[in-house]
Each structure stands twice: as structure tokens, then as C-alpha cells.
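The values are calculated or read from the model by the stated rules, or taken from the named source; none is laboratory data. Given the structure is predicted, the values throughout are model-derived calculations rather than measurements. Neighbour counts run over all protein chains shown; Cβ positions are idealised from the backbone, glycine included. Note: areas computed on protein heavy atoms with side chains; ligands, DNA, RNA excluded. Shrake-Rupley method; radii C 1.70, N 1.55, O 1.52, S 1.80 Å.
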Amino acid sequence: MCIRDSINAEYMGILLIRMTLEATIICLDNSDWGRNGDFIPTRWESIQDTARVLYEAKLSVNRESTVGLMTMAGPRVDLIATPCTDDSRLSTSIQSIKIQGEHVDFIKAIEISQLALKHRQNKNQKQRVILLICSILVEQPSVLQTLAKKAKKNGLAIDIVNIGSNENVEKLQNFIETVNNADNSHFLHIENRSLRVPDVVISSPIAQSGASAPGEIGHPVNSAVDPSQDPELAEAIRQSLEEQKNTLAKSSTEEKKEQKTEEKKEEKKAEAPAQEVAEGLTEEEELQRAIELSIRGEGQEVKKEESPKVAEERKKPAAPVKDCLLYTSD
């Protein structure tokens, strides 16, 4: 049996959503804090797996969306992958990242991400930055508030996943409250170390960022399907979703064509009764109708609707008037 045929909807855990066209940059915390093994398997590996889940979700739902990758720790903030649609390139870039540095440069990461998104090729894409953080931030709350106001002014949506670092919660919550515009930004703090980070993130609003009304095929949200572990199964799921999406699109197009056809039929039916009435009238009735139309200021329609017999009668010369005498009494 083909793998695709063996997949059932329960295992896929399909979420039916519609996502907006977006250009997203995922910022990864590759600081030394990632070596901590309090999250299974480690904080850094949890961040890597979460990044894979997020870019697969973005690209699976809308193939015109783009995703880039950035590291936040080390000698400098590094944009290791510009926004693209190539998931294999993103996967290779994640594998090449090295753990280095004591802290992340939160402010510089957002500023460079915003600059990269500003130069995106498709200006119809909305801008989004997702930060995966596992270290303690050293930035002051006042500086973060200034950055948040600037990002909001520039229309930048920001999602933050905070892994284990309780010291960041208050300042990051305030940051998201400031930058949030029409619920386009989210903050997720994962404190329970018994949970797998990708499982929590994929079922959160962050994985569904840009989602609007239901009605179109979305992405598989069951984190048991890891593309890196079982690429054949992941590809089968993706193709299945694409087929369903195409079927819905085709059905919608056919419905629109049928609707237009029905509208044209209704227009023709509305015109037909007027012609039938004109053809079924007697000569006297046509004259009476012509008079009524003339009174209403529709004299032009009288000429169009009068019968040939009436036209002939109007063309005949008028009978001569006989001479008559006028008698008057004395």
C-alpha cells in the first residue's frame, strides 16, 4: 500500500486555516545557554526542531510566503539565510549553526531583520519576525519599549518563544503588548520542562500567525511528523494537502461560473415577458399602450413596439375634408 493511502486524518492532525502571504525571519538563540539539558533533548536542539516546524508550516500553507534564518549570539548577529521558499536550504542552514556567545543581541536582531524584510522582493508580503530565546536578556525594559514602538510604527509583527528563562517573562510580555497591533504579535513562555518545545509551539497562535477565517487547507500540526526524521511521510502529507487545496479551488471556480450563467439566464427571462406582451396585443391594445407610454415620456419605445399594421395605417394619406356651408340665423 502507498504511504499516502495509509495516512489518515487523525494522524495528520490537519488544521484548517488560511494564512496571509508573509515574509518571515526566524531568529535563533545559539548562545551557550542552549547547551542546558533541562529541556529534552537540549534547549538548542529544541530551538532547531521548533524552527523546522515553523518554516515547514509557513511554506506548506502558502508557497509564495518566504522564510529566512538569523542567529542572535556570537561575535555578531548573522543573517544565515535570506527569505526564500527553499526548505532544503533552510534545513542545511540550521545544521550549520554553531553554539557560541554568552548572550543574544535582541535589539540588533530585530533591527537587522526589519532591514532585511524591508528589501523583500514581494511587497505584498506582510513582515514578521519570530524569536526563539533560551537565554536571559540583558537589555533594559525602557530600551525594549522604544524598539517595540518603532517596530509597530513600521508594521512589523513579532512573535517570541521564551524557553525556560523566567527572568525574561515580564519584559517580553510588555514588549509584545506594545508592539501588538490587531492581535498580530504573540508571546509564548514554556516553563514545563517535561514538554517538547515543538509540540507546544505548533499548537499555539505563533504557528498559526496570519491565520484568518477557516475554509482553506492548512498544514499538518501533529508534531509526530518530523520532516527530518521521516521525509517520505512529510512529503506525502504535503502532497495530500496540495491536492485537497486544488480541489477546493477548482470547485470554487466552477461555482462562480455556474452563478454567472444563472445570472445571464435570469436577465434573459426578465427581458422575454416584455416582448411576449407586445407580440400578443391586438391593434387597438397596441395603440392604447402606445398612448400610455407617450404620456409617461417613453415615446421612443412606442415606435419600437408598434405593429406593422399600425405603421401602415399611419402612412396612409388622410381623407379629404368635404366642403360644408355655415348657416347662421338672422
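Points to keep in mind about this one:
- Distance (nanometres) between label positions extended 7 Å along Cα→Cβ at residue 180 and residue 263: 4.1
- Computed extension gain for residue 142 through residue 287, at 0.36 nm per residue and net of the alpha carbon distance, reaches 43.4 nm.
- Gyration tensor verdict on the stretch 24-172 (Cα atoms; rounded if a/c is under 1.5, prolate if a/b is larger than b/c, oblate otherwise): oblate
- Within the assembled protein chains, the solvent-accessible surface assigned to residue 139 is about 20 Å², based on a 1.4 Å probe.
- For the residue pairs 58/171; 123/153; 126/150; 118/171; 118/150, alpha carbon separations beyond 19 Å are given by 58/171; 118/171.
- Ordered from highest to lowest accessible area with the whole protein assembly present and a 1.4 Å probe, 71, 85 read as 85, 71.
- Area of residue 92 that stays accessible when all protein chains are in place (1.4 Å probe, Å², to 10): 90
- Given R0 = 45 Å, the distance between the Cβ atoms of residue 170 and residue 246 translates into a calculated FRET efficiency of 0.45.
- Per residue value of the accessible surface for the stretch 60-151 (all protein chains in place, 1.4 Å probe), Å²: 48
- Taking all protein chains as they are arranged and a probe of 1.4 Å, the heavy atoms of residue 88 leave approximately 70 Å² accessible to solvent.
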